[in-house]
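The values are calculated or read from the model by the stated rules, or taken from the named source; none is laboratory data. Bear in mind that the values here come from a model prediction, so they are computed numbers and not experimental data. Cβ atoms come from the backbone with ideal geometry, glycine included; neighbour counts cover every protein chain shown.
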Amino acid sequence: MKNYLITKAIEEALNKQVNREFYSAYLYLAMSSYFESMNLGGFAHWMRVQSGEESAHAMKIFKYISERGGSAELSAIEAPKARGGSAGKVFEEVFAHEQKVTGMINALVELAIREKDHATFEMLQWFVREQVEEEKQASDILAQIRMVGDTQGHLIYIDRHVGKRE
Ligand code: FE
Ligand code: CA
């Protein structure tokens, strides 16, 4: 039996976030499949890279829970809805999704403060910074799509550009 260094409330909230991060990975994979079907291979690649990052986010929290004596529990991952519409619509959804995730991270930070859990607070600061990047990334691509025009023929340049993401 390990000693608990995190409270049950923190453990539960972090486990929920692990699930949400894996859901994000699923969501971006679904979007990658959508872009493949639109013959926008660059966007599809970008989405797969993003999906990989989301799995890494989940793993970061997953490992942290155990490190603090908690028990990391996996629950069913919600299936993302089928995608449709245009590239612009998809990136509007990405931006909205990341804003929602930022709200979840902020709520976790507030919980850590209430629980006086400085270690969790510190761990979460990485995610606070990451969300700044995630929101900027999505809004930048969305702005570019709006600039060139949200029709497939106009998206070729952006497709090439986002296809270079490492
Ligand atoms: Fe994430
Ligand atoms: Ca990122």
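Things worth noting here:
- Count of residues meeting criterion [among the charged types (D, E, K, R), within 17 Å of the chain's Cα centre (by Cα) and either modelled with pLDDT of 95 or more or over 19 Å from Ser51 (Cα atoms) (or both)] in the range 77-111: 5
- Options Leu142, Leu124, Leu74; residue that is within 16 Å of ligand 2 (Cβ to nearest atom), under 21 Å from Tyr4 (Cβ atoms) and at pLDDT 95 or above: Leu124
- Residue list for the range 89-121, restricted to those being farther than 24 Å from Glu67 by Cβ, away from ligand 2 (no atom under 16 Å from the Cβ) and of a type in the set (A, V, I, L, M): Val90, Ala96
- Screening Ser32, Ser51 for residues that are in contact with a Ser or Thr (Cβ under 8 Å, 6 or more places away or on another chain), more than 15 Å from ligand 2 (Cβ to nearest atom) and either polar (S, T, N, Q) or under 17 Å from Gln131 (Cα atoms) (or both) leaves exactly one candidate, Ser32.
- Close pairs from the range 53-73: first among the aliphatic types (A, V, I, L, M), partner within 15 Å of ligand 2 (Cβ to nearest atom) and assigned to a helix (DSSP H, G or I), Cβ under 7 Å, at least 6 apart: Ala58/Glu21; Ala58/Ala25; Ile61/Glu21
- Residue within the range 150-158 that is within 14 Å of ligand 1 (Cβ to nearest atom) and farther than 22 Å from Leu29 by Cβ present: no
- Every test in (1) more than 16 Å from ligand 1 (Cβ to nearest atom); (2) crowded, with 18+ Cβ neighbours inside 10 Å; (3) β-branched (Val, Ile, Thr) is passed by Val94 save one, and that test is (1).
- Residue match in the range 36-45 (condition: among the aliphatic types (A, V, I, L, M), more than 15 Å from Ile141 (Cβ to Cβ) and either buried (at least 20 other Cβ atoms within 10 Å of the Cβ) or within 16 Å of ligand 1 (Cβ to nearest atom) (or both)): no
- Among the residues of the range 126-149, those identified as more than 16 Å from ligand 1 (Cβ to nearest atom) and without any contact (Cβ under 8 Å) to a residue 12 or more places away in the chain are Asp140, Ala143, Met147, Val148, Gly149.
- Residue match in the range 3-22 (condition: more than 16 Å from ligand 1 (Cβ to nearest atom), crowded, with 19+ Cβ neighbours inside 10 Å and under 30 Å from Gly149 (Cβ atoms)): no
- Residue match in the range 66-76 (condition: touching a helix residue (DSSP H, G or I) at 6+ places or on another chain (Cβ under 8 Å), surrounded by 14 or more Cβ atoms within 10 Å (Cβ to Cβ) and under 21 Å from Asp140 (Cβ atoms)): no
- Cβ pairs under 6 Å, 6+ apart, first in the range 13-28 and within 17 Å of Pro80 (Cβ to Cβ), second away from ligand 2 (no atom under 15 Å from the Cβ) and charged (D, E, K, R): Tyr23/Glu78
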